[in-house]
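The values are calculated or read from the model by the stated rules, or taken from the named source; none is laboratory data. Predicted, not measured: the structure shown is a model, and the values here were computed from it. Please note: Cβ atoms are built from the backbone with ideal geometry, for glycine as well, and neighbour counts cover all protein chains shown. In case anyone asks, the SASA skips ligands and DNA or RNA and just uses the protein heavy atoms, side chains included. Shrake-Rupley method; radii C 1.70, N 1.55, O 1.52, S 1.80 Å.
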Amino acid sequence: MGLHDAAQVAKLVSSGRLPGLAHGMGRSYGDACLNPGGQLWLTAGLDRFIAFDEATGRLTCEAGVLLRDIQQLAMPRGWALPVMPGTQQVTVGGAIANDVHGKNHHHSGCFGDHVLRIRLVRTDGSTLECGPGLQPGWWAATVGGLGLTGVIVEAEIQLRRAASAWLDTETVPFSGMQEFLQLSDGSETAWEHAVAWIDCLSGPLVRGLFMRANTAGPQARREPAPRALTVPFVPPVPLANRLSLRPFNALYFHRGRMKAGRTVIHGAAFHHPLDALHGWNRLYGPTGFFQYQSVVPRDAGRAATEAMLAEIARAGEGSCLAVLKTFGARAPCGMLSFVRPGVTLALDFPNRGARTLALFERLDAIVADAGGRLYAAKDARMPRALFEAGYPRLDEFVAFRDPGISSGLSRRLLGS
Ligand SMILES: Cc1cc2nc3c(=O)[nH]c(=O)nc-3n(C[C@H](O)[C@H](O)[C@H](O)COP(=O)(O)OP(=O)(O)OC[C@H]3O[C@@H](n4cnc5c(N)ncnc54)[C@H](O)[C@@H]3O)c2cc1C
């Protein structure tokens, strides 16, 4: 069911007999945005800008507005979203409900840290406003609340000043977790953005390319963002497979090493490389793929990451999309926000059925032993015990759930 007008949402969401769920752009990798057997309330029609104060950078908009559209409105006026996930094809409601993070957590925190107020509609027809300092329980439950506390219809966001859409970047090849952690620590104060691509088959040796960036000045180049390509069909077998992975990773690493150093690139190429390849998910073929994203506390980060990468290399699984980064000390505002200080590893895995799931069980054990957690936005299979252990504020959260809302994920991990 499509939602088109914030004023009508209360009527629509309170009239359903089946439990419903808000659905933004469906960019979550698993069942957080799905509701098999129930209703989906499509929020893409809630796409209006309501107010923008160019002097203060305060933007009010409906919850189906895309982050891409906010950037297009704000950047020519010298403003930008302070936190951008790896794709711009995400709604404001989805970004709040997963309290998404970018490559600048150490600098700017999570998306929710920049939201000043939201309007939430419940399936009993009531509407409430919350924000930092305004109905703090509802606020903390809804930011990162996986859409389970109500439908966000409107948000007010504080943008940040941005001199240009371009970034001054530096790429540094590294080898080993110790070198990665030194680079991360050494980049915290002087660099806004930091992230590493790693060769997931390099095992505990962990070779990769560390990339850091700062917003370039207004004198930076002004060419348009790179043009997008499209994967036109689903190949019968995954193109990202065991045979292609090893040579691709070796080539990517050595090419990156040759081109290491400083350069100026468009922010979209740095933050959202996959947005330039429409339908990239088709490369995984008809059986699709999983993403597995964990975060483990900093003191366990080195050993746990090495152990996970050893398991992945032994299994010969994984893909060229493997990302390693650290989260900073800033605690997120949501009860179920994923981010915590520590080391996060995110990898795509082509779905090879039982073999892939068996590998995840071994990775789960490492994450659990390290006191870590998995990202619900990227999950389609985590065991309930791992979810409960990883999210200690779960009991507190449950009191704020909307009984008329349910998702595949909530039934799997919360029992309803
Ligand atoms: C290529 C790619 C890169 C990514 N990189 C990152 C990254 O770097 N960091 C990161 O944190 N995430 C990342 N993600 C995940 C993505 O940012 C999140 O899953 C985001 O929440 C998706 O937003 P959406 O609008 O598609 O929402 P959906 O996926 O449709 O929904 C996500 C959740 O939000 C809820 N929701 C949506 N709209 C509303 C609303 N109006 N009111 C209440 N609840 C609502 C849904 O019920 C669901 O629980 C990435 C995803 C992709 C595909």
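Highest-first packing order for the peptide set 90-99, 191-200, 384-393 is 90-99, 191-200, 384-393, based on the mean count of other beta carbon atoms within 10 Å. Taking every alpha-carbon pair in the range 166-382 and binning the separations at 10 Å intervals from zero gives 8, 31, 37, 21, 3, 0 percent. For the range 118-251, what does the alpha-carbon gyration tensor say about shape, rounded, prolate or oblate, given a ≥ b ≥ c as the root eigenvalues, a/c under 1.5 as rounded, and a/b over b/c as prolate? Prolate.
Relative contact order of the chain: 20 percent, from C-alpha pairs under 8 Å at least 6 residues apart in sequence.
Taking the chain as a Gaussian network of alpha-carbon nodes connected by springs under 10 Å, the highest mean-square fluctuation of the residues SER406, SER15, SER187 belongs to SER15. Working value for the chain: equivalent-ellipsoid semi-axes of 32, 26, 20 Å, each the square root of 5 times a Cα gyration tensor eigenvalue, largest first. Restriction of the trypsin sites (Lys or Arg not before Pro) in the range 237-270 to DSSP coil positions whose beta-carbon has at most 15 other beta-carbons within 10 angstrom yields LYS259. Taking a span of 18 Å or more along the helix axis (Cα atoms) and a mean Kyte-Doolittle hydropathy of at least 0.0 as the rule, the DSSP H helices of the chain that qualify are 354-369.
Taken per residue, the accessible surface of the chain reaches 41 Å², heavy atoms only and a 1.4 Å probe. Label positions at ASN281 and LEU251, each projected 7 Å from the Cα along the C-beta direction, are separated by 2.6 nm. For the range 166-382, the relative contact order comes to 26 percent (Cα pairs under 8 Å, sequence separation of at least 6). Dividing the summed -39500 (n - 2.57) terms of all DSSP H runs of n ≥ 4 by the residue count of the chain sets its mean residue ellipticity at 222 nm at -8000 deg cm²/dmol.
So in the chain, what percent of DSSP beta bridges are antiparallel if you round to the nearest 5? Here the antiparallel bridges make up roughly 90 percent for the chain.
Accessible surface of the chain, 1.4 Å probe: 56 percent of it comes from carbon and sulfur atoms. With an 8 Å Cα cut-off and a minimum separation of 6 or more residues, compute the relative contact order for the range 43-173 in percent. Relative contact order here is 28 percent. Our note on the geometry: Cα centres of the range 136-184 and the range 32-49, 23 Å apart. Of the DSSP beta bridges with both residues in the range 1-123, give the percent that are antiparallel, rounding to the nearest 5. So the antiparallel bridges in the range 1-123 amount to around 50 percent. For the range 309-416, the Kirkwood hydrodynamic radius from C-alpha pairs, put into Stokes-Einstein at 4 °C and a viscosity of 1.567 mPa s, yields a diffusion coefficient of 84 µm² per second. In a fully extended conformation the segment linking ARG362 and ASN241 would gain 41.5 nm over its present Cα-Cα distance, using 0.36 nm per residue.
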